[in-house]
1. Mind checking the full-extension length gain between Asp153 and Val111? Use 0.36 nm per residue of separation minus the Cα-Cα distance, one decimal, nm.
2. Top mean-square fluctuation among Lys42, Lys127, Lys72, Gaussian network model of the chain, C-alpha springs under 10 Å?
3. Can you sort Phe163, Phe138 by 1.4 Å-probe accessible area, starting with the largest?
4. Divide by every residue of the chain the summed helix terms, -39500 (n - 2.57) for each DSSP H run of at least 4, and state the resulting mean residue ellipticity at 222 nm, rounded to the nearest 500 deg cm²/dmol.
5. Mind checking the dipole of the chain: about its Cα centre, +1 per Lys or Arg Cβ, -1 per Asp or Glu Cβ, Debye to the nearest 20?
6. Measure off, as a whole percent, the carbon and sulfur share of the 1.4 Å-probe accessible area of the chain, all protein chains present.
7. What FRET efficiency would be calculated for the residue pair Ile44, Asp176, taking the C-beta separation as r and a Förster radius of 25 Å, to the nearest 0.05?
8. Once you put a point 7 Å from the Cα of Ala36 and another 7 Å from the Cα of Lys127, both along the Cβ direction, what distance in nm separates them?
Amino acid sequence: MHTNGLITFPCGDPDELVGLSDVDQARLEFAAHYMAELYGYKKIQSTRPQTLAYGLTDSPVAQLAWIVGVFKEWTDCTHTPEDAVDRDRLLTNVMLYWLTQTANASSRSFVETPDSPEEIDVKAEVKPSTVPMGVAVFPRGILRPIRRFADRDNKNIVHWSEFDRGGTFAALEEPDLFIGDVRRFFSRFR
């Protein structure tokens, strides 16, 4: 099993994979690609945040390269991140990190987020949340959940949306889709 945020992907148990659609199979393949090729961002930030922070804080070019690399990999872009996020917004994002010298602070969340069930210090039995959950799946997001496994692991999913465009930064890339979906989810609780 591999935990990837919202869901646990099965690894090695063929019974759990029977009947998955082509889309679900592609999501599993992307999860493997993510772990092999893109997970380095989290590993560097979670194991060497201070070392990385020196370079990102000292050099606007390093900060730009880091953020642009993330946006290139995690957005729904064709060739460059500006295909998905306006260049001015991208540069504003980079400048906020660089001018406020918050590269290290932003890496702390990666240090504090466990990578596997073995790293979670569980003192008591964890019970599934009873809080209603909404899931929005964007095709180029780094988390591409599979409904069957999400339902298995999260007992109170009350809203599920799948979009034909958008990535990890959906609020920047596709704000109308994102806002509309958030409103649809919360409208049921009025």
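1. Once the chain is fully extended between Asp153 and Val111, it gains 12.7 nm.
2. Lys127
3. Output order, biggest surface exposure first: Phe163, Phe138.
4. Only helices count here, giving -14500 deg cm²/dmol.
5. In debye, rounded to 20, the chain gives about 600.
6. Carbon and sulfur together cover 56 percent of it.
7. Rounded to the nearest 0.05, the efficiency is 0.15.
8. 4.2 nm
The values are calculated or read from the model by the stated rules, or taken from the named source; none is laboratory data. Just so we're clear, the structure is a prediction, and the values are computed from it rather than from any experiment. Because the Cβ atoms are built from the backbone with ideal geometry, glycine has one as well, and the counts that use them run over all protein chains shown. Surface accessibility is based on the protein's heavy atoms, side chains included, excluding ligands, DNA and RNA. Shrake-Rupley method; radii C 1.70, N 1.55, O 1.52, S 1.80 Å.
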